[in-house]
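I have placed the structure first, in the form of C-alpha cells, so that the comments after it can refer back to it.
All of the numbers you see were taken from the coordinates with simple rules; none came from a lab. Worth saying up front: this structure is predicted, and the values here are computed from it rather than measured. FYI the Cβ positions are ideal-geometry reconstructions off the backbone, even for glycines, and counts take in every protein chain you see.
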Amino acid sequence: MNQKSTGTQGAAAGDVLLKVNGLQKHFPIRKGMLQRQVGAVKAVDGIDFEVRSGETLGVVGESGCGKSTMGRLITRLLEPTAGTVEFEGRDITHLGVSGMRPMRRDVQMIFQDPYSSLNPRHTIGTIVGAPFRLQGVTPEGGIKKEVQRLLEVVGLNPEHYNRYPHEFSGGQRQRIGIARALALSPKLVIADEPVSALDVSIQAQVVNLLDDLQDELGLTYVIIAHDLSVVRHVSDRIAVMYLGKIVELADRSSLYRAPMHPYTKALLSAVPIPDPRRRSAKSERILLKGDVPSPIAPPSGCRFHTRCWKATRICTTQEPPLIELKPGQRVACHHPENAEDQAPQDTQLLSAAREAIELVPVGRDEAPAGQGAAAAEPATGSEGAAAEGTASGE
Ligand SMILES: Nc1ncnc2c1ncn2[C@@H]1O[C@H](COP(=O)(O)OP(=O)(O)OP(=O)(O)O)[C@@H](O)[C@H]1O
Ligand code: SF4
Ligand SMILES: [Mg+2]
C-alpha cells in the first residue's frame, strides 16, 4: 500500500517514526544450584532498521528466527541486551514504567494467538475497554459507547458487548484483539503473525481489515509473518530475518522482483504464483535442506552458510554486513543474487554448499496458498500450519 498521511500529531507521513540500532536480545541459559549462566539464546542479535510514519514494514522469517522477540523489544515488553529503540526521535530503550506510560498509548501490539490473548473470563466490553481503564482515559460519551464504536469499526456487532471470547470464532476474536489495539488511537501497531492461527479463508479478511484501518486511521504497521504471501499485498517494505539477523531489507517491489539474498530467494521460490500465465516462468522451487541451526551457537561468518547453495570459504569466516547494494535494498551477503558479482567466479563452492538445496519442479509437492514458506520451513517449524487446524472459522 502507499504511504498515507498519518492524521496523528507528531511525525508527518514519511518521517522516521521508529528507529532501531544494534538491537540485541540474548536470553541467558542458567544451570546448577547457583544458576550460573552457561550460554545464551541469541534470539535477536544486532538488528538495525527504521519504520516511517504511514508505512507498513513486513517482517518475515522461519519459526524461531526472532520475529516475536523483536516485536516485544520495540514495544518494550522485553528489555534489550544491547542497542537502542527510538520512537519519534526519543530514546525509549530504558524508560521505566512511568516514562513508558504515555508511550503505551502510541505503540500497541496485536498478538499471534487470538485464543490465548483474550481473557476468557472477561466480556468483550471489558477486554476492549481495558486500555482506557489502564490509562485512566475517559473517551467522549463514555467507555461503553466508544467500545461499541470500535467493535463496529472492526466489523463486529456492537450488541455483542456483553459476550465472552468463547462465543466468537477465531477470525472474530482477532477482530476483538484489533479493536483493543486501536482503542487509544495508537501511532504504531505491531501485529505479530495476526493471521497465522486463522483458517486460510479468514486470513485475507483480517489482512484486508488491517489495510482498510490503516487508510482510515493513518496507522503505521510492523506486520510479522513467517510467510511471504501474507505480507506481500500490505507491505511497503519487507525485512527478511534469519537466526536473529536481518539479511535483506527492501521495498516490496524490489524484493519480489529481484531478491538479492539467497535466503529471500528460497523463501520466495516457495510462494505459489497465483497467476497461471506467470507459472511457466518458474519451473523449479528451491527446497532448503537441513534444519535451522540453533540460536545458542549460530554458525560462524554468515549464519546462512550451512544451508546456502552459494557458500564459499569467506562465508564461513566473515559475517557479511547489511549494506545498501541497490537504492532501497539492503543485503547481507558476499555473493548476492541479481548483482554483477553474484556468482563466485574464482572461488570454490564449499562441498556442503552444493548439497544445500533440492530443486523441486513446480507441480510436484505444491504448497497450498497461504502456506508459502512451507517449502523452506524446517520439519519442526510449521507452527502456523499446525495451528490452523484448530481455527473455527468465521
Ligand atoms: N523468554 C525466552 N527465554 C528463552 N528463550 C526464548 C524466550 N523467548 C524466545 N526464546 C527463544 O528465542 C528464539 C526466537 O524466538 P521468537 O519467539 O522470537 O521467534 P519467532 O521468529 O517469533 O518464531 P515463531 O515464528 O515460531 O513465532 C527461539 O529460539 C526461542 O526459543
Ligand atoms: S553466499 Fe555466502 S554470504 Fe551469501 S547468503 Fe550464502 S553463505 Fe551467506
Ligand atoms: Mg513468533
Mean separation of Cα contacts under 8 Å (at least 6 apart) over the residue count of segment 16-235, i.e. the relative contact order in percent, is 25
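Sorted by mean Cβ packing within 10 Å, highest first, what order do the peptides 108-115, 161-168, 284-291, 301-308 take? Write out the running numbers ahead of the final one.
Values: 108-115: 22.0, 161-168: 14.9, 284-291: 17.1, 301-308: 24.4.
Order by mean packing, descending: 301-308, 108-115, 284-291, 161-168.
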What residues have an amide H closer than 5 Å to that of residue 246, excluding those fewer than 5 places away on the same chain, when H is modeled at 1.01 Å from N in the peptide plane? 48
Taking a 21 Å limit on the Cα-Cα distance, which of the listed pairs 67/310; 19/245; 25/67; 67/326; 245/265 fall beyond it? 67/310; 67/326
Residues with amide H under 5 Å from that of residue 25, placed H, sequence gap 5 or more: 43, 44, 45, 46, 81
Amide H within-cut-off set for residue 15, under 5 Å, with H built and near neighbours excluded: 53
Treating cross-link reach as a plain straight distance, find the lysines whose alpha-carbon is under 26 Å from the alpha-carbon of residue 144, omitting any fewer than eight places away in the same chain. 187
